[in-house]
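One structure below.
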Amino acid sequence: MIQSYSFGKIMINSEVYQKDLLILGQKVLSPWIRKEGHRLSITDVEEVILFAPQVFIIGTGFWGMMKVDDELIILFREKGCKVYVLNSKDAVLKFNEEKELFKAAAAFHLTC
């Protein structure tokens, strides 16, 4: 469970992370580095594709500055996965809701 989020910091299961990260079920992968810092493409989420979630929540940063490629969203939806693209604060709330109901994955950009 994500307990808190503020600019540059997220607490998951009582552990604080200060680098961008992926959540695959109960597993947290941090640091998570993208090819282009403020752009999310398919190659940045290969671990998520292999995890095959039912829902994928993308936190685009405190102010929502990270852009998500349309091809990524289309790929997951074609696989029957719900995709949410939200600023990171709203993505935290959505992840905590959805993780109890579905096999969930998330990608969080923690800063801008």
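Quick notes on this one:
- Extension gain, Ala52 to Gln18, is 9.7 nm, computed as 0.36 nm per intervening residue step minus the present C-alpha separation.
- Additional length obtainable on full extension of the chain from Glu97 to Ile74, 0.36 nm per residue less Cα span: 6.0 nm
- Sulfur and carbon atoms: percent of accessible area, the chain [1.4 Å]: 54 percent
- Other residues with beta-carbon under 9 Å from the beta-carbon of Leu110 carry, at +1 per Lys or Arg and -1 per Asp or Glu, a net charge of +1.
- Average accessible area per residue (Å²) across the chain - probe 1.4 Å, nucleic acids and ligands excluded: 54 Å²
- Gly25 sits among other residues whose Cβ lies under 15 Å from its own Cβ, and their net charge, with Lys and Arg +1 and Asp and Glu -1, is 0.
- Using all pairs of distinct alpha-carbon atoms, the Kirkwood hydrodynamic radius of the chain works out to 13.5 angstrom.
- In the elastic network of the chain, a GNM with C-alpha springs shorter than 10 Å, the most mobile of Asn87, Asn13, Asn96 is Asn13.
- Whole-Å distance, taken between Cα centres, linking the range 24-63 and the range 71-103: 10 Å
- Measure of compaction for the range 63-112 (Cα Rg per 2.2 N^0.38 Å): 1.16
- Length added when fully stretched, Glu36-Asn87, from 0.36 nm per residue minus Cα-Cα: 16.6 nm
The values are calculated or read from the model by the stated rules, or taken from the named source; none is laboratory data. All values derive from a computational prediction rather than experimental measurement. We place every Cβ from the backbone using ideal geometry, glycine too, and count neighbours over all the protein chains shown. Note: areas computed on protein heavy atoms with side chains; ligands, DNA, RNA excluded. Shrake-Rupley method; radii C 1.70, N 1.55, O 1.52, S 1.80 Å.
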